[in-house]
Amino acid sequence: MLLVDEMWQEIEQTVESLTIVPGKVRVYQDGLPVCGHEKQIVSDLAQAGSRNHKLLLRLENRGAILMGTESPELLLEEYRLATTSVTSMTSAGARRHQQASAALLEKRDRDISRRIDTTLATGETGILFLGMLHNVQAYLAPDIQVLYPVPRLERRP
């Protein structure tokens, strides 16, 4: 748990040091659906103790624009897949489940990149919070410059 706390401290310090020009910074969060209730979802999760969502609210209070980021349909598909028990599957079934999960993650990454491409205007800055398994950068428009202010951990297959 200590490593996770250290990681979050580094993320928080890095984000707090960013210059936020009100109305010119958009904040995207994986798992946050495009639904019209984004602020309420983030507020509820922050109240429940999520450091990530508390950080999103601090950014919004500094003038950043909170963006719904993901397709609700893809998130529901992810939920259904995640709640499927693999313990009773054959090894072939478990492999199919793993392949379906990887394909769905790629769909989500493509959808997130499309969302950023269509909502981030020229001259704006986007801040994207993602889980470690995501690879959105591979699908972003080439004119979007990507910086990693916090070192990325290597993805494991």
If the chain between THR14 and ILE65 were fully extended at 0.36 nm per residue, the gain over the current Cα-Cα distance would be 16.5 nm
Residues whose modelled amide H sits under 5 Å from the amide H of ARG26, counting only those 5 or more places away in sequence or on another chain, are ILE65, THR125, GLY126, ILE127
Ranking GLY123, TYR139, ALA48 by how far each Cα lies towards the positive end of the charge dipole of the chain (+1 on Lys and Arg Cβ, -1 on Asp and Glu Cβ), the top one is TYR139
Averaged over all viewing directions, the convex hull of the alpha carbons in the chain casts a projected area in nm² of 10.5 nm²
Relative contact order in percent for the chain (Cα pairs under 8 Å, 6+ apart) equals 29 percent
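How much mean residue ellipticity at 222 nm does the chain get from its helices, if each DSSP H run of length 4 or more adds -39500 (n - 2.57) and you divide by all residues, to the nearest 500 deg cm²/dmol? Before the final figure, lay out the partial values.
Values: 5 runs with 76 residues, N = 157.
Helix contribution divided over all residues of the chain: -16000 deg cm²/dmol.
For ALA102 and VAL4 in the same chain, what is the full-extension length gain: residue separation times 0.36 nm, less their Cα-Cα distance, in nm? Write out the running numbers ahead of the final one.
On the way: separation 98, 0.36 × 98 = 35.28 nm, distance 2.45 nm.
Fully extending the segment from ALA102 to VAL4 adds 32.8 nm.
Can you give the extra length, in nm with one decimal, that the chain gains between THR84 and GLN137 once fully stretched, where that is 0.36 nm per residue apart less the Cα-Cα distance?
Numbers: separation 53, 0.36 × 53 = 19.08 nm, distance 2.87 nm.
Once the chain is fully extended between THR84 and GLN137, it gains 16.2 nm.
Each reported figure results from applying straightforward, stated rules to the coordinates on display, with no laboratory input. Predicted model, so just to flag it, every value in this text is computed and none were measured. Neighbour counts run over all protein chains shown; Cβ positions are idealised from the backbone, glycine included.
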